[in-house]
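Written out below as structure tokens is the structure these notes cover.
The values are calculated or read from the model by the stated rules, or taken from the named source; none is laboratory data. The structure presented is a predicted model; accordingly, all values stated were derived computationally and were not measured. Positions of Cβ are generated from backbone atoms using ideal geometry, with glycine treated the same way; all protein chains shown enter the neighbour counts.
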Amino acid sequence: MFGVRGSGFGAYRSAPNPPPRTLNLVSCVVKLIIGLGNPGHTYHGTRHNVGFAVIQRLAERRGVDIRERYASPDARPAGVYGEYRHGPETVRLLMPWTMMNESGQALGGLDVPREALLIVCDDVNLPLGTLRLRPTGGAGGHHGLRSCLEALGTEDVPRLRVGVGTDALPRDLEAFVLAPFQSDEQPAIRRAVEQAADACQIWAADGMETVMNRYNRVQDA
């Protein structure tokens, strides 16, 4: 069954960890990859949680434990993160603790160059397994992405969309994105998560233009 593997994001909310701390992301991070989703075991394996799945896959590859908690500027728990080194640079992998539609609350007070951010999310308007990378643009109807863009105060934020759509989308899109993938969709979404993790690593190492040239052209071919 497709889902966020490892120890599970839902466990983080009840883990007996020290209180979350407020982070100075400017001083300690060069690149920040933010995966969007809904916290809790209920949402594992759903279409809306593909962003979390990509972050967890990256963490598995790099041996990162995403359990460090951080707080928003008003001291409320905001999310969990882990980080790894790529040469002299630090890459932080972050998953908000908010529900999807309030994802921007986890980014309040973030003062990082926008080109140093990459937001990973699902997209029902893209065919299942398709990847799209863009350096800027609107939310395209994705409420979590819109919340992030509003919190950051700009649409000039790189984003990686992972297609979770079908040929005929149902009228009730909310129920659709909160439902798990069908068994015959599992191979395609697993491949897409692997490819998205590859794309994130290339972005962190070589930048947006390089990763767009590699993945957008392949998808458009």
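Numbers below:
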| read-out | value |
| --- | --- |
| Selection count where residues are surrounded by fewer than 19 Cβ atoms within 10 Å (Cβ to Cβ) and in contact with a Cys (Cβ under 7 Å, 6 or more places away or on another chain), scope region 43-63 | 0 |
| Any hit, region 135-145, residues being in a strand (DSSP E or B) and in contact (Cβ under 8 Å) with a residue 12 or more places away in the chain | no |
| Any hit, region 86-97, residues being modelled with pLDDT of 95 or more, more than 12 Å from the chain's Cα centre (by Cα) and farther than 20 Å from Met208 by Cα | no |
| Any hit, region 165-175, residues being farther than 16 Å from Val91 by Cα, touching a Pro at 6+ places or on another chain (Cβ under 6 Å) and not hydroxyl-bearing (Ser, Thr, Tyr) | yes |
| Residue in region 161-179 that is nearest to Thr42 (Cα to Cα), counting only those that are surrounded by 17 or more Cβ atoms within 10 Å (Cβ to Cβ) and in contact (Cβ under 8 Å) with a residue 60 or more places away in the chain | Val177 |
| Criterion: more than 16 Å from Gln201 (Cα to Cα), within 18 Å of the chain's Cα centre (by Cα) and at pLDDT 75 or above - qualifying residue of Arg61, Arg114 | Arg114 |
| Region 69-111, residues that are surrounded by fewer than 20 Cβ atoms within 10 Å (Cβ to Cβ) and of a type in the set (A, V, I, L, M) | Ala71, Ala75, Met99 |
| Single residue of Ile66, Ile119 found to be buried (at least 19 other Cβ atoms within 10 Å of the Cβ), touching a residue at least 24 places away in the same chain (Cβ under 8 Å) and assigned to a loop (DSSP other than H, G, I, E, B) | Ile66 |
| Which numbered condition Ala139 misses (of (1) out of contact with any Lys or Arg (no Cβ under 6 Å at 6 or more places or on another chain); (2) of a type in the set (Gly, Ala, Ser); (3) under 20 Å from Arg47 (Cα atoms)) | (1) |
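Listed here are the residues, each with its yes/no results for (1) within 23 Å of Arg146 (Cα to Cα); (2) touching a strand residue (DSSP E or B) at 6+ places or on another chain (Cβ under 6 Å); (3) modelled with pLDDT of 95 or more.
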residue: Arg159; (1), (2), (3): yes, yes, yes
residue: Val164; (1), (2), (3): yes, yes, yes
residue: Pro170; (1), (2), (3): yes, no, no
residue: Gln186; (1), (2), (3): no, no, yes
residue: Arg191; (1), (2), (3): no, no, yes
